[in-house]
Amino acid sequence: MDTAQGYVLVTALALPLLAAGVLLFVPGSQKMMARYFSAVIGAILLGLSVYVFLAYQAGGDVLQMQLRWAWIENVGFLGENGISLHLGVDGISALLTLLTGVVAFAGTLIAWKLEYRAKDFFILFWILIAGVYGTFFALDLFFFFFFYELAVVPLYMLIGIWGSTRKEYGAMKLTLMLVGGSVGIWIGIFAVVHEAGLGTFDLPTLWEAGQNGLISAETQKIIFPFFAVGCGVLAGLWPLHTWSPDGHMSAPTSVSMVHAGVLMKLGAFGIIRLGIQILPEGAEFWMPALLVLGTIGALYGAIAALTQRDFKLISGYSSVSHMGYVLIGLATLHEVGVSGAALQMFSHGVMTALVFLLIGALYDQAHTRDLSDFGGVAKVMPLWVIAYVVAGLANVGLPGLSGFTAEFHIFVGAFRTYPVFGGLAILAAAIAAAYMLRMFGVVFFGPLNPRWKDLKDLSPLETISAALLILSMLAMGLWWSPFTDRLANTVTSLPGVIS
Amino acid sequence: MVPMENYLVLSGIIFSLGVYGVLARRNAVLVLMSVELMLNAVSLNFVAFSAYLDPDKATGIIFAVFVIAVAAAEVGLALAIVIRLFRNRSTANVDEAATMRW
Amino acid sequence: MAEHAWILAAVPGIAFIVMAALGRNLPRQGDWLAVLCATSIFGLFFAVLANFLNLGGGAWPVLNSIEWTAIGDFKLNMGIAVDPITIVMLAVITTVALMVNIFSVGYMKGEPRYWWYFAVLQLFVASMLMLVLADNLLLLYVAWELVGLSSFLLIGHYWERRSAVEAAKKAFITTRVGDVGLLIGIILFWEATGTFNILDIIHYVEEGAIGDTRLFVTMMFILLGAMGKSAQLPFHVWLPDAMEGPTPVSALIHAATMVVAGVYLVARLLPVFEAAGALDVVLVIGLLTALFSGVVAFAQTDIKKVLAYSTVSQLGFMFVALGAGYASAGMFHLFTHAFFKALLFLGAGSVIIGTHHHQEMGQLGGLWRKMPITAGTFLIGSLALAGLFPLAGFWSKDEILHAVEGQGTFFFFLISIAAIMTAFYTARLFVRTFLGKPQDEEIASHTRETGPVMTLPLVFLAFMSIVAGFFIFHDFGSAFGFPGGFSEFVFLHYPHAFHVDWGLVGLSTALFVIGTFGGAWFYWNGRLDRSTVMAEWQPKVYEMVQRKFYFDDLYQFLIDRVVLGFSYLVSWFDRFAVNDTGVDGSATMTGYAGFLLKHLQTGRVPNYAMAIAAGVVALTLISLAVGS
Amino acid sequence: MTTEVLWWIFAVAIVAVSAGVVFARTVIHSAIFLILSLAGVGAMYLFLTIEFIALVQFLIYGGAVTVLILLALMLTRMGIAGRPEPTTGVQAPFGALVAAGLMATLIGVAVSTAWPGDLGQNAVAVSIENIGEQMFQNFGAPFMITAALLLVAFIGAIVIARQEDED
């Protein structure tokens, strides 16, 4: 059964790559064909992701649906299981797989209206998605890094070719910073494999090595910052976050959705997979530093968002703030806090994807993102405003939506370990209310600016995407246990996590 | 017989003179001749090693043969380039052929 | 039925979903559904009450909970707890909600987004019921936020008006600041006891599970939340602005139910407050609020603003009672106040409709001729608020005075002053609005009495304003659902059998008479010459009162200059220090280094050869040095 | 004894003519000194009693290569025109320094190293048969490749140096 389910993972991983390959042979003029094909692929992936999430047994083993295909063994310094395509999910990656399915499908529908080189866009898009799935599934350090990079690289072209405001600058900065982070991860990976001395890249084996002393505590303390900072760049770790506002500002809508929604999570996920699981002692040593940076990020992003004038900048800074929460949750090393971090990854993913979807829907018509240009938009775009208000309230942490579920767990964990930082994090949530409501007030309400009287509401495709995302937020907000139950075993099994 | 070190020292002196020629002279043909000096010094070295250390295998000697062969090829090509250079730029001074820079 | 009291919250919750999804397409935009829903929960409440009383005191509180989520050792249950204090809140909420729903059918007729208004009203009712039914602080917090959201949506109902949007924003953010405190407090409780369950927490605290300092700090955070919701000083600023919302909303949310959530919370946790030694803080805050808003109410000219400050002041009274340690007195004032203040707000709403949207006292006057029912019920409400024997307000205020008696003469004196002020501004309000001559004939000529859909709720609430006070009596209470009378029913560790203290009754009546006649004398028959005496005598002071002691200005200044200024600073720092200097700076440095180093690339072969030769020499020497 | 004296005379002469190659004022002089230097090295091979390599040296270097160089000199008309410009570049002093350093290093290494398996006085002559066997048994492939290399190089040289029509 386990292996059979493993083939589901292989399918989810191979399908987007296959889609990219097939699209190569579709003539560039056949836009509709590329769109329909991508929509079908997106729908299948959504189905597979939902299956993976639901089929993950809450009470069972931590790692499920495992599958291993050996690749390079007993060559050079590599011993048994040297490098193998080892796939599997734990509770955290099952949750993030669901997130990927939802956001990727929504993103595909949003990319529908893209006219310029639609086929090429989808090719790169699916390569990116394959990278994301691969990173979440990989239980082998080599393939983890491989897929991690596979997800990062297409971004450069996706932003550079299809982007808007200062796209070359945004794409270049984003790529350089992320690749810089990857260098750190790569160094860390080799250090870990060498120090463990087992001649294998297999993650579960290395996790054991990290816990039973094969990698000494001193070494762990040295290696951990490479992983933390390397992955932290992608997770928007302060002060390495500046690619986020600029990158989001220039990225096209569906790329922003996938990027902020899923890719940023890869960074935090990497900190768990590589940092906490391989290097528990290093993690314990460095977590206070990560906590401080996370808290600064949470407050800093929220405060900076208060006075931004551009929609996307507000969302960019709010992403910094929310990823700060994720880091706080991880840094607590407390079972509730770490669960909260995982929940926050999901919550922020769907929420921010929705926000970027909506910003894109407005920008396509208005061609401006300056808040002060608008006013009373609720009159002409009621659906749009409702969706935005829901996303905003999730952002603010309103109970009943996913944001509260996640933030509550993070706060509880933080209070158990570092109460002062917990308090500061809650304060950041209050500031979030201020910047969200400020934007609502300026843009949605008040008298309608006659310049915008012809704005159209969400199209059917956008409505479907938005509804899917809102549904995800409501699901997590209203009924916690399907999510928390799946995380519980995984989180408690993480080394160094206290209760 | 003179000891091997004598050959080595002699070859070292010739090599260094060749290096000086390469570094100091401006004329491309002269630079080429200096390179020939260096190659000769190296061949001498090989042959000396072969004779004193391992006469059975004669590896050094065979190397010297190859060096000579390759040197012949090199000279042929290099002189062709020098002629081309002279024809195009009316100079054979190496420090005046400086287009391959930023 | 009592253990299934969650149905009370579920019914309006489902109604909200149905109305939000279909409302616009339902016949009459679904207002009948709202009234039906309110009626059914009103009926269900009596089923719950009957069952609750049948179970008897031994079975109280009635509990019902399910496991919600669990991560390792972290377990969370959600459920309801029904005890007398909940019953009181349920009574208030279901009754006022029904009246307001009916009234709204008339009031909101023809207004934009009619269906949405009723839908959100149901959401509010559902959340409010959830808030009072919750057996744990987390569920309470969830509901606490949801009532805040409903309040936000309803205050901003006329969002085309900039002022409504600003008011909604202000309300949400101000209470949100308090909520931060509440959430911190809740988590601190969990941190100390490992549970969110209110009864367990009280139990742990009574056993002394939490250290003194820590408990005090926790309670201060909890109190912040209560102060924010109940608009206590210095969080009061949002409530008067919230009058931008439709008037029935003001009656339901900003007078009778949501704003008393803070009082409810403090009453719930009163044993903990006492154990923490935090009661004095509650008392002082309540007293300051009561006095402060009483004074500000003098200078307001908008009917709803006067009522809003009156509400703030009355909430202060409730806090004073709780601070004195008398949960029953606080809850009793909450109970009676809900009826007469809802009555007054709905009366104001009736005036607004009857005069076609005029609510400035300066333009009204003499309305009793045109609107006799509204005027009559409003008079009853006013007298109840001012404390006329034996109306509802009299008894509850009497209880509060009795509670404060034990706190020393100074506090007693101040609370008496506050009571006089209540009577004064109430009299001013009634006299200027309903008596005397119309100030504006144009408006007066169009004024009509409102229809029965609006006047019937007024009459019912007027009736309640008369009789609600009698629940304090043992026999009356026992006969009508509160066995043992109100204060015994809601004893909450403070058994306090009620008896009439005729001395206090006399004093109380004296306070009423002084205040009312003062107010009436000043403003009788539109005598503005008398009323402007104060303004002319001390213009500075008058302006200060009218400007609400500059609280709003101070906050505006703090937000504009300090908070937003800090935000600009951070944005600037992010742009110039982190991005342009740190990130782009390193890129620029790389480029500049390349600009410098490219000069090494001369393109001259001899230079390269030189470098090679020198490198060979250097490397050989290094390897020799290292090798030896 | 006479061999050693003769050796020393040859050694000094080689150094002298090699110096002549790099220090000579005109290119023609350098070329003549180069021929002498190459011949001297050939003589050194004779001292080592390896006649084969000495013959190769005389034939290819002394003959073919120097002829090639002289041909190039004539084609570029250098050495004929007495040019006023300096014959050494600006970096000559540094070149001298580096070369001197290199020389010191090489001599130092050559003298101070204890060469393993040094036969010294017992060195035996390498027979030409031995060389032939080694060359064609163990170095067959490199031999072929070298042949191909030479062919390619000379074709390349012709292509590069060819007079083009438009010139």
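The values are calculated or read from the model by the stated rules, or taken from the named source; none is laboratory data. This is a predicted model, so every value here is computed, not measured. Cβ sites come from the backbone with ideal geometry, for glycine too, and all protein chains shown count toward neighbours.
Quick check on this structure: which one of C:Ser396, C:Ser382 is assigned to a helix (DSSP H, G or I) and either modelled with pLDDT of 90 or more or surrounded by fewer than 19 Cβ atoms within 10 Å (Cβ to Cβ) (or both)? Don't jump to the end; show me each part of the working.
Numbers: C:Ser396 fails: either modelled with pLDDT of 90 or more or surrounded by fewer than 19 Cβ atoms within 10 Å (Cβ to Cβ) (or both).
The conditions single out C:Ser382.
Taking (1) surrounded by 13 or more Cβ atoms within 10 Å (Cβ to Cβ); (2) under 30 Å from D:Thr113 (Cβ atoms); (3) within 14 Å of chain B (Cβ to nearest Cβ) in turn, C:Val605 satisfies each apart from (2). Criterion first (free of Cβ contacts under 8 Å to residues at least 60 places away in the same chain and in contact with a helix residue (DSSP H, G or I) (Cβ under 7 Å, 6 or more places away or on another chain)) does A:Phe190 satisfy it? No; evaluated as a whole, the condition is false for this residue. For segment D:77-87, check the following and say yes or no: at least one residue is in a helix (DSSP H, G or I), surrounded by fewer than 17 Cβ atoms within 10 Å (Cβ to Cβ) and facing chain B (nearest Cβ under 8 Å). Looking for residues that are in a helix (DSSP H, G or I), surrounded by fewer than 17 Cβ atoms within 10 Å (Cβ to Cβ) and facing chain B (nearest Cβ under 8 Å), one finds none in segment D:77-87, hence no.
Residues of segment A:49-81 that are modelled with pLDDT of 90 or more, among the hydrophobic types (A, V, I, L, M, F, W, C) and surrounded by 19 or more Cβ atoms within 10 Å (Cβ to Cβ): A:Val52, A:Phe53. The condition of being out of contact with any Gly (no Cβ under 7 Å at 6 or more places or on another chain), more than 24 Å from C:Asn101 (Cβ to Cβ) and among the charged types (D, E, K, R) does not hold for C:Asp280.
Screening B:Pro55 against (1) in a loop (DSSP other than H, G, I, E, B); (2) within 21 Å of the chain's Cα centre (by Cα) leaves a single unmet condition, (2).
Could you tell me whether segment C:58-65 includes any residue that is under 26 Å from C:Arg268 (Cα atoms) and assigned to a helix (DSSP H, G or I)? Within segment C:58-65 (the criterion being under 26 Å from C:Arg268 (Cα atoms) and assigned to a helix (DSSP H, G or I)), the answer is yes, since at least one residue qualifies. Give just the number: which of (1) under 30 Å from A:Gly181 (Cα atoms); (2) among the aromatic types (Phe, Trp, Tyr); (3) within 14 Å of chain B (Cβ to nearest Cβ) does C:Phe576 not satisfy? Of (1) under 30 Å from A:Gly181 (Cα atoms); (2) among the aromatic types (Phe, Trp, Tyr); (3) within 14 Å of chain B (Cβ to nearest Cβ), only one is false for C:Phe576: (3).
Condition check ((1) of a type in the set (Ser, Thr, Tyr); (2) more than 22 Å from the chain's Cα centre (by Cα); (3) closer than 30 Å to C:Gly484 by Cβ) across all residues:
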| residue | (1), (2), (3) |
| --- | --- |
| C:Cys37 | no, yes, no |
| C:Pro61 | no, yes, yes |
| C:Asp73 | no, yes, no |
| C:Val88 | no, no, yes |
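Scan segment C:213-226 and tell me whether some residue there is free of Cβ contacts under 8 Å to residues at least 12 places away in the same chain and away from chain A (no Cβ under 12 Å). Yes - at least one qualifying residue is present in segment C:213-226.
So that you can scan it fast, the table gives a plain yes or no per residue for (1) out of contact with any helix residue (DSSP H, G or I) (no Cβ under 9 Å at 6 or more places or on another chain); (2) touching a residue at least 24 places away in the same chain (Cβ under 8 Å); (3) away from chain C (no Cβ under 14 Å):
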| site | (1), (2), (3) |
| --- | --- |
| B:Arg26 | no, yes, no |
| B:Val35 | no, yes, no |
| B:Phe49 | no, yes, yes |
| B:Asp56 | no, no, yes |
| B:Thr59 | no, no, yes |
| B:Ala72 | no, no, yes |
| B:Ile83 | no, no, yes |
| B:Asn88 | yes, no, yes |
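Taking segment D:32-72 as the range and being part of a helix (DSSP H, G or I), among the aliphatic types (A, V, I, L, M) and facing chain B (nearest Cβ under 7 Å) as the test, the residues that pass are D:Leu34, D:Leu38, D:Val41, D:Met44, D:Ile53, D:Val56, D:Ile60, D:Ala64, D:Val65, D:Leu68, D:Ile69, D:Ala72.
Of the helices (runs of 4 or more DSSP H) lying entirely inside segment A:179-293, those containing at least 3 residues that are surrounded by fewer than 24 Cβ atoms within 10 Å (Cβ to Cβ) and among the aliphatic types (A, V, I, L, M) span A:217-234. Within segment C:613-625, can one find any residue that is free of Cβ contacts under 8 Å to residues at least 40 places away in the same chain, in a helix (DSSP H, G or I), within 14 Å of chain B (Cβ to nearest Cβ) and farther than 30 Å from B:Gly12 by Cβ? So far as segment C:613-625 goes, no, none of its residues is free of Cβ contacts under 8 Å to residues at least 40 places away in the same chain, in a helix (DSSP H, G or I), within 14 Å of chain B (Cβ to nearest Cβ) and farther than 30 Å from B:Gly12 by Cβ. Taking segment A:403-499 and the helices (runs of 4 or more DSSP H) fully enclosed by it, the elements with 3 or more residues that are at the interface with another protein chain (Cβ under 8 Å from one of its Cβ atoms) and crowded, with 19+ Cβ neighbours inside 10 Å are at A:419-439, A:481-493. If only residues of segment A:151-174 that are under 19 Å from the mean Cα position of the chain (by Cα) and more than 19 Å from A:Lys312 (Cα to Cα) are counted, the one that is surrounded by the most Cβ atoms within 10 Å (Cβ to Cβ) is A:Ala151. Listed by first and then second residue, the pairs linking a residue in segment C:592-605 that is small (Gly, Ala, Ser) to a residue that is in a loop (DSSP other than H, G, I, E, B), with Cβ atoms under 8 Å apart and 6 or more places separating them unless they lie on different chains, are C:Gly603/B:Ala98; C:Gly603/B:Thr99; C:Gly603/B:Met100; C:Gly603/B:Arg101; C:Gly603/B:Trp102.
Is it the case that segment B:11-22 has a residue that's within 14 Å of chain C (Cβ to nearest Cβ) and among the aromatic types (Phe, Trp, Tyr)? For segment B:11-22, residues within 14 Å of chain C (Cβ to nearest Cβ) and among the aromatic types (Phe, Trp, Tyr): present.
Output the residues belonging to segment A:330-368 that are at positive phi and assigned to a helix (DSSP H, G or I). Across segment A:330-368, there are no qualifying residues.
Summed over segment D:7-28, residues that are touching a residue at least 40 places away in the same chain (Cβ under 8 Å) and farther than 16 Å from B:Ser11 by Cα total 4. Scanning segment C:149-175 for residues that are facing another protein chain (nearest Cβ under 9 Å), surrounded by 24 or more Cβ atoms within 10 Å (Cβ to Cβ) and under 12 Å from the mean Cα position of the chain (by Cα) returns C:Phe152, C:Phe172.
Each row is one residue, and each column tells you yes or no for (1) surrounded by 13 or more Cβ atoms within 10 Å (Cβ to Cβ); (2) over 27 Å from B:Asp56 (Cα atoms); (3) at pLDDT 80 or above; (4) not assigned by TED's automatic domain parsing to the domain that holds D:Ser37.
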site	(1), (2), (3), (4)
D:Gln91	yes, yes, yes, yes
D:Ala96	yes, yes, yes, yes
D:Gln121	no, no, no, yes
D:Ile131	yes, no, yes, yes
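In the set D:Gly95, D:Gly101, D:Gly117, only one residue is at the interface with another protein chain (Cβ under 7 Å from one of its Cβ atoms), touching a helix residue (DSSP H, G or I) at 6+ places or on another chain (Cβ under 7 Å) and either among the charged types (D, E, K, R) or at positive phi (or both); that residue is D:Gly117.
Can we say B:Met4 is surrounded by fewer than 24 Cβ atoms within 10 Å (Cβ to Cβ) and either under 23 Å from D:Ala92 (Cβ atoms) or facing chain D (nearest Cβ under 7 Å) (or both)? So B:Met4 passes the test.
So, C:Val105, is that one out of contact with any Gly (no Cβ under 7 Å at 6 or more places or on another chain), touching a residue at least 40 places away in the same chain (Cβ under 8 Å), of a type in the set (Val, Ile, Thr) and under 24 Å from C:Val459 (Cα atoms) or not?
Numbers: out of contact with any Gly (no Cβ under 7 Å at 6 or more places or on another chain): yes; touching a residue at least 40 places away in the same chain (Cβ under 8 Å): yes; of a type in the set (Val, Ile, Thr): yes; under 24 Å from C:Val459 (Cα atoms): yes.
Here the answer is yes, as C:Val105 does meet what is asked.
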